[in-house]
Amino acid sequence: MTGGGGPSAKATLQATKGNSAAGTVTFTQKGDKVQVVVNITGLKPGQEHGFHIHDKGDCSSGDGMSAAGHFNPLGKPHAHPSTPNRHAGDLPALKADPNGNASLSVELDVITVAEGPTDAYGTVTQRPTSIIGRGLIVHAQPDDYKTQPTGNAGARIACAVIQKN
């Protein structure tokens, strides 16, 4: 079921050391799917770039490595985002135009922006597949969607923390 807009989050990508990629990504819960809208500049012109949600919302290392590995709360293999059996953090590749810009709008399952239920103490819990507070990484190379667990997508050229709107 896909319905109206629900909770949303935003990530502001900033270049890692020595790179120039930057942009914004919004995530909006729509029923049981999340609408992801991406606008990025500073990519290698004409190239495809791997794009993933990572486990930690930490871009402090300068090279994006502090974001740790792919977000994979369900213990699945790395795979193309059209495959049901995949990491929650597996996102479609970004294809840069001749000017190094990339835009993408896609609806994905597995991930959620919505918060979980309230526990017995009135505290809202976070769903295991919630992307709030996770890292977002753009890679230098294309994702081969086969190599485990990373897709062999190379260096991390931009990093962001996904924050609730």
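Key figures for this structure:
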{"quantity": "Counted residues, segment 117-165 - those being charged (D, E, K, R), part of a loop (DSSP other than H, G, I, E, B) and either out of contact with any Ser or Thr (no Cβ under 9 Å at 6 or more places or on another chain) or under 24 Å from Thr16 (Cβ atoms) (or both)", "calculated": "4"}
{"quantity": "Phe51 being under 17 Å from Ser103 (Cα atoms) and surrounded by 18 or more Cβ atoms within 10 Å (Cβ to Cβ)", "calculated": "yes"}
{"quantity": "Residue match in segment 45-63 (condition: among the aromatic types (Phe, Trp, Tyr) and more than 17 Å from Thr147 (Cα to Cα))", "calculated": "no"}
{"quantity": "Selected residue [among the charged types (D, E, K, R), touching a residue at least 24 places away in the same chain (Cβ under 8 Å) and under 17 Å from Gln163 (Cα atoms)] from Lys44, Lys56", "calculated": "Lys56"}
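No value in this document is a laboratory result; all are computed from the given coordinates. Since we're looking at a predicted model, the values are computed, not measured. No Cβ is skipped: glycine too gets one built from the backbone with ideal geometry, and neighbour counts run over all protein chains shown.
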